[in-house]
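The next block holds one structure in the form of structure tokens; read it before the comments.
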Amino acid sequence: MKSIIEYKDYRQYIQDYYTERKRCSAFTWREFARLAGFASGSYLKLVCDGKTRLVEEGAKKAALAMGMLGFEYDYFILMVRYENAKSDIQKKKCFEEMQALSTAHHVKILGSDLYTFYETWKHSVVRELAVAMPGAKPLEIAKACKFPISAADVSASLSFLLKSGLLSRDVKGNYQQTNHSLSTGRLNVVAVAVHSLLRQMGEFALEALDKLPISERHFSGITMGVTQETYQKVVDEIAEFRKHIISMVAEERRPDKVCRLNFQFFPLTDNINRGKSTSGKGV
């Protein structure tokens, strides 16, 4: 099997463990559950199918049944805690503990670089400015930002971006983006960091509304009544529009500024038709 560090979903790890044992023997879900001390012979299969979840004590029993000790045991428990966490703060704490464990054992969590990248606005802005300002020193890049960032922060960001492969340097020492655009994809561990970035960018948008002249910013919005079906259609349209914008700016070779475009679409009310039939009559 792959190292546990290569997993971000404890359910997938359990499934792969079972599949590997099944390949080599007559191992069954019932036997697996018995070894872990679960009364239901199908419990762990239901966990893998997403129909139920492990709690802390169950995670410990499952980890021991899979022969985990030390570092791997702790990492598995943290994966379960991360999945069960109720808030972004709790998820962030769990992931940072997973990172600390992996660092202590000289291994790297897949996706951890993107987690670090999205945790602060500084990396995304420095990544753009480093390319747009060839030959610029960290202090010059810092001064080009409208929001506070120090030369030391820029230097640290450049070092991280190079180390993680999000930037490279050509023979002249100029920075190049290894990919013109980045996406979070479906990396679950990145979601918490992205939430942090969205909050920061939302705060910047409020500042821009007050501080920038209309000629330098564009704000607009629509308040609308929708069904769930129309809601999904709007979400799909935003996704298509986003792809179009990305393809358009990817052609830029000499940008003269770095901008942020936020997409926000959220309910202002509760579901006003909850508990009603489609005919409008109460049930």
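Among K92/K211; K8/K51; K8/K163, which pairs are too far apart, with a Cα-Cα distance over 25 Å?
K92/K211
Consider the candidate values [x] -0.64; [y] -0.57; [z] -0.46; state which one is log10 I(q)/I(0) by the Debye sum over Cα atoms at q = 0.09 Å⁻¹ computed from the structure displayed.
Working out log10 I(q)/I(0) by the Debye sum over Cα atoms at q = 0.09 Å⁻¹ from the coordinates points to [x].
Taking a 1.4 Å probe, which of H195, H218, H244, H123 shows the most accessible area, and what order do the others take after it?
Per-residue accessible area, sorted high to low, gives H218, H244, H195, H123.
Take the alpha carbon gyration tensor of the stretch 192-240, find the square roots of its eigenvalues, order them as a ≥ b ≥ c, and report rounded if a/c is under 1.5; if not, report prolate when a/b exceeds b/c, else oblate.
Judged from the Cα gyration tensor, the stretch 192-240 comes out oblate (a/c at least 1.5, b/c at or above a/b).
Rounded to the nearest percent, how much of the accessible area of the stretch 55-152 (1.4 Å probe, protein heavy atoms only) is carbon and sulfur?
61
The values are calculated or read from the model by the stated rules, or taken from the named source; none is laboratory data. No experiment lies behind these values; they were computed from the predicted model shown. When the accessible area is computed, the model is the full protein with side chains, heavy atoms only, and any ligands, DNA or RNA have been set aside. Shrake-Rupley method; radii C 1.70, N 1.55, O 1.52, S 1.80 Å.
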